[in-house]
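Written below as structure tokens is the structure these notes are about.
Any read-out appearing in this document is the output of simple, stated calculations on the displayed coordinates, not a laboratory observation. The structure displayed is predicted, hence computed values, not measured ones. In this analysis, Cβ positions are derived from the backbone assuming ideal geometry, glycine residues included, and neighbour counts consider all displayed protein chains.
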Amino acid sequence: MWFGGTAAKQSATAARASFSNDVLQEDLVTLFKRKDKTAYRRVIARAMDPYSVDENGYSSIPKLLEHSGALDPPNTSYLRLTTRALACIVLDAKKRPPTESCVGSKQTGVWKKLLSDRSVIEEMKTIRAVKKAGLYEPDIPSIDYEQDDANSDFEDENE
């Protein structure tokens, strides 16, 4: 996900921000590589808040994903969602009745690429078969909070 684009820089937050006090939003890869876990988590939390998405010029989560390139299967793997996540999106986009409000134009752009990508369709078929058999387990990333504490630059008050 990328939050440093045109929409984010033209947002109400950016207009209010003075460059000396507030840092404009950055892309998540930069935050991750700098190991700035607090900023990374804050950006993710804001992205998941449906009430703050439109603050930065995005009308919905799908629009944010479209603009960021996260839905583009040929995109570099660390700049897009995983093939499994894309396959789940395709399953939702192709369900009956279709959820038109969540999906952009299926005949052009990133949605056309996503809905016709061979690797995503193969993964979608696998997920559909596993769901039918009742064996589907969603991927839930584990967070090792003890490792986060060990990497902290702050000292414990008790030590």
Cross-link pairs beyond the 19 Å C-alpha cut-off, checked among Lys37/Lys63; Lys94/Lys131; Lys63/Lys113; Lys63/Lys131; Lys95/Lys132: Lys37/Lys63; Lys63/Lys131
Ranked packing of 63-69, 78-84, 134-140, 102-108, most packed first, by mean Cβ within 10 Å: 63-69, 78-84, 102-108, 134-140
